[in-house]
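Please read through the structure below; I'll follow up with questions.
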Amino acid sequence: MSEKVPQHLGIIMDGNRRWAKMHGLPILEGHRRGYDKLKEVGEWCMERGVKVLTVFAFSTENWKRAASEVAYLMDLFYRAFTNEVEEFMRRNIRVRIIGDRAGLPENVGRAATALEERTRENTRGTLQLAINYGGHTEICDAVRALLGQHVAPAEITEEAIASRLYAPDTPPPDLIIRTSGEQRLSGFLTWQSAYSELYFIQKHWPDFTEADLDAACAWYADRDRRFGQ
């Protein structure tokens, strides 16, 4: 594989529910398998030199799903934030949660903050989890922050908005992968993805393999990135 590896990789982990239905399993089992897959893929990314991995874990629109499914996912997040701390420390991975933190259940929000604080000084790579995240919401929150600081209209620039996004110090994603065949971003990193390369794969997220990651990175390495020029 080429040495040209995306420094910031975004993944829209789509297809957990469809994977479960295909295998005659409960939808919640699909989400559990998706969680296991994320742990695998995260390590593959770090081994290849990816510095930031951002994954779309739960959108602002996912609250519309069945209450039992939402409750399961919130519990999954809570358990991941509390049970995986030592593993993140062992692997020297920093974890950040981006999204509307205030909209999460209180225990999930507290656990997220504690995990961020514990892993803040880790340096091998960064895992960003987009939870209760929507690209439009992020932009609106940034504009509201500007208005709250009484910034003059002439000073509302692209740079001013970018500096008030959820993770302003994170570079834009070089490559975004979406599994399960859908060819849209669905609000994932709306502001930051203007010049990202987009790679779509038919496989559902639990079936994503190390070879699939290498294929995506090889495809990215062959791209001629012009950034609008």
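Any chance you could count how many residues in the stretch 156-168 are surrounded by fewer than 16 Cβ atoms within 10 Å (Cβ to Cβ) and aliphatic (A, V, I, L, M)?
Just the residues of the stretch 156-168 that are surrounded by fewer than 16 Cβ atoms within 10 Å (Cβ to Cβ), to begin with: 156-160, 162-163, 168.
Cutting the leftovers down to aliphatic (A, V, I, L, M) gives us 156, 160, 162.
Final tally of qualifying residues: 3.
Let me ask you something else. Whether any residue in the stretch 13-34 is assigned to a loop (DSSP other than H, G, I, E, B), exposed (fewer than 14 other Cβ atoms within 10 Å of the Cβ) and either among the polar types (S, T, N, Q) or at pLDDT below 95 (or both) is what I want to check.
Within the stretch 13-34, none of the residues are assigned to a loop (DSSP other than H, G, I, E, B), exposed (fewer than 14 other Cβ atoms within 10 Å of the Cβ) and either among the polar types (S, T, N, Q) or at pLDDT below 95 (or both).
In the set PRO171, PRO206, which member is closer than 30 Å to GLY148 by Cα and not aromatic (Phe, Trp, Tyr)?
PRO171
Scan the stretch 138-155 and give yes if some residue there is farther than 30 Å from SER180 by Cβ, modelled with pLDDT of 95 or more and surrounded by 17 or more Cβ atoms within 10 Å (Cβ to Cβ), otherwise no.
yes
Considering only residues that are out of contact with any strand residue (DSSP E or B) (no Cβ under 8 Å at 6 or more places or on another chain), closer than 25 Å to ILE97 by Cβ and of a type in the set (S, T, N, Q), look in the stretch 169-226 and name the one that is surrounded by the most Cβ atoms within 10 Å (Cβ to Cβ).
GLN192
Another question, if that's okay. Tell me, which residue of the stretch 142-187 that is in contact with a Lys or Arg (Cβ under 7 Å, 6 or more places away or on another chain) and of a type in the set (S, T, N, Q) is nearest to LYS4 (Cα to Cα)? Lay out the reasoning, then the answer.
Filtering the stretch 142-187 for residues in contact with a Lys or Arg (Cβ under 7 Å, 6 or more places away or on another chain) gives 142, 145-146, 167, 179-180.
Adding the requirement that they be of a type in the set (S, T, N, Q) leaves 179-180.
Numbers: THR179: 22, SER180: 25 Å.
My answer is THR179.
Oh, and also: Please verify whether the stretch 125-138 includes one or more residues that are hydrophobic (A, V, I, L, M, F, W, C) and farther than 19 Å from ARG79 by Cα. Before you say what the answer is, go through the steps one by one.
At the first step, the residues of the stretch 125-138 found to be hydrophobic (A, V, I, L, M, F, W, C) are 127, 129-131.
From what's left, farther than 19 Å from ARG79 by Cα: none.
Scanning the stretch 125-138 turns up no residue that is hydrophobic (A, V, I, L, M, F, W, C) and farther than 19 Å from ARG79 by Cα.
Does ARG32 satisfy the condition of being in contact with a His (Cβ under 6 Å, 6 or more places away or on another chain) and in contact (Cβ under 8 Å) with a residue 40 or more places away in the chain? Even if it seems obvious, please write down each step before you answer.
Numbers: in contact with a His (Cβ under 6 Å, 6 or more places away or on another chain): no; in contact (Cβ under 8 Å) with a residue 40 or more places away in the chain: yes.
Considered against the rule, which asks whether it is in contact with a His (Cβ under 6 Å, 6 or more places away or on another chain) and in contact (Cβ under 8 Å) with a residue 40 or more places away in the chain, ARG32 comes out as no.
Among the numbered conditions (1) in contact with a Pro (Cβ under 7 Å, 6 or more places away or on another chain); (2) surrounded by 15 or more Cβ atoms within 10 Å (Cβ to Cβ), tell me where GLY134 comes up short.
(1)
Now for a separate question. What are the residues in the stretch 74-110 that are in contact (Cβ under 8 Å) with a residue 40 or more places away in the chain, under 22 Å from GLY187 (Cβ atoms) and among the hydrophobic types (A, V, I, L, M, F, W, C), if any?
Across the stretch 74-110, the qualifying residues are LEU76, PHE77, ILE98.
Name the residue, out of ALA194, ALA218, ALA211, that is over 18 Å from ALA57 (Cβ atoms), out of contact with any Gly (no Cβ under 7 Å at 6 or more places or on another chain) and free of Cβ contacts under 8 Å to residues at least 12 places away in the same chain.
After ruling out the rest, the residue left standing is ALA211.
The values are calculated or read from the model by the stated rules, or taken from the named source; none is laboratory data. None of these values were measured; they are calculated from a predicted model. Please note: Cβ atoms are built from the backbone with ideal geometry, for glycine as well, and neighbour counts cover all protein chains shown.
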